[in-house]
Amino acid sequence: MGEAVETLLRENVCLYVSFDDGLAADISRGDPSPVVHESLVRHDPAGGRFGGRLVIEAGDNAWAEDEILYKALENFPYAPPGGGVGFDGTIAMWLKGDPDADLNDEYPVDPFHISRHAADASFYLDLTRPNDWRYGSPRRLRFGFYGDSPARSMFEGGWLLVAGELGWNDRGWHHVVATFQNANSGSEDGRAVLYIDGRPRATMSGYRHTLTWDPDSLSIGLGQRYVGSIDELLILDAALSADAVKSLFNSNLPASDAWSG
């Protein structure tokens, strides 16, 4: 994947879960052990994009959002507002499943989520409902991020990057990467990019993203209402460049190669 990308991964990893040997993180700055809803989530030592995988059957879990949770403290980048220096990050994961055939039509589905509320101080990756009033069908993949928003209104204080026409009925593995820059910088210099399979699919820049967290009270949620498999969860405190995302995808190697290579 290239020495520069390997160095970025080694130096900037907050949380990395290969799912090869279980559900605990291989590398973490915070607590490596998740809280698991055992009737909805299981570890499969084979069948992953590389090695093992996380299998989730949560189509009927409604709004419980308790499928599998990792502590956010130190495992997700954060710098409080007011210091004039923002924080950057990368969220990466491999997904396998057909969103239009497998998921419950009543709900949006969040493969990744961290927030006080979806529309209040958040970052999330979600799959829209079929026949959504904004996007229609098939389901779209979105990277959503909201600032502090006491109203918790989907129409206030947030931004959405949307990638449509996924073509995931092939039931193959697909690499999803979301990057962001300058959150809590205090300036209108935010930038975010959503990538699928090494290619940028949506981008946004020139916004102010201000979010006030108590990281110790937050969790990183995976597979909310999801049906399918997840592999190679990777969270960095740096935003990978387009070339780095492409290199990681084209390498045909797990991120762990950066530490073993």
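The values are calculated or read from the model by the stated rules, or taken from the named source; none is laboratory data. Everything numeric in this text was worked out from a predicted model, so none of it was measured. Neighbour counts run over all protein chains shown; Cβ positions are idealised from the backbone, glycine included. Just so you know, the surface numbers come from the protein's heavy atoms only, side chains and all, with ligands and any DNA or RNA stripped out. Shrake-Rupley method; radii C 1.70, N 1.55, O 1.52, S 1.80 Å.
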Quiz item: Out of L234, T203, S219, whose Cα points farthest toward the positive end of the dipole of segment 172-261 (charges: +1 Lys, Arg; -1 Asp, Glu; placed on Cβ)?
Solution: T203
Self-check item: Protection proxy ranking, peptides 171-182, 151-162, 133-144, average beta carbon neighbours within 10 Å, highest first
Solution: 171-182, 133-144, 151-162
Quiz item: With no solvent and one point per C-alpha, what does the Debye sum give as log10 I(q)/I(0) for the chain at q = 0.16 Å⁻¹?
Solution: -1.27
Exercise. Using R₀ = 35 Å, calculate the FRET efficiency as 1/(1 + (r/R₀)^6) where r is the Cβ-Cβ separation of V162 and N252; round to 0.05.
Key: 0.80
Quiz item: If ligands, DNA and RNA are left out, what is the accessible area of L73 with a 1.4 Å probe, given in Å² to the nearest 10?
Solution: 70 Å²
Self-check item: Net charge of neighbours whose Cβ lies under 11 Å from the Cβ of I68, counting Lys and Arg as +1 and Asp and Glu as -1
Solution: -3
Exercise. Consider all pairwise Cα distances in segment 101-255 and report the whole-number % of them above 25 Å.
Key: 28 percent
Practice problem: Would you check the accessible area of I27, probe 1.4 Å, heavy atoms only, in square angstrom rounded to 10? | Solution: 50 Å²
Quiz prompt | Calculated [θ] (222 nm, deg cm²/dmol) that DSSP helices of n ≥ 4 give over the chain, each run adding -39,500 (n - 2.57) | solution = -2500 deg cm²/dmol
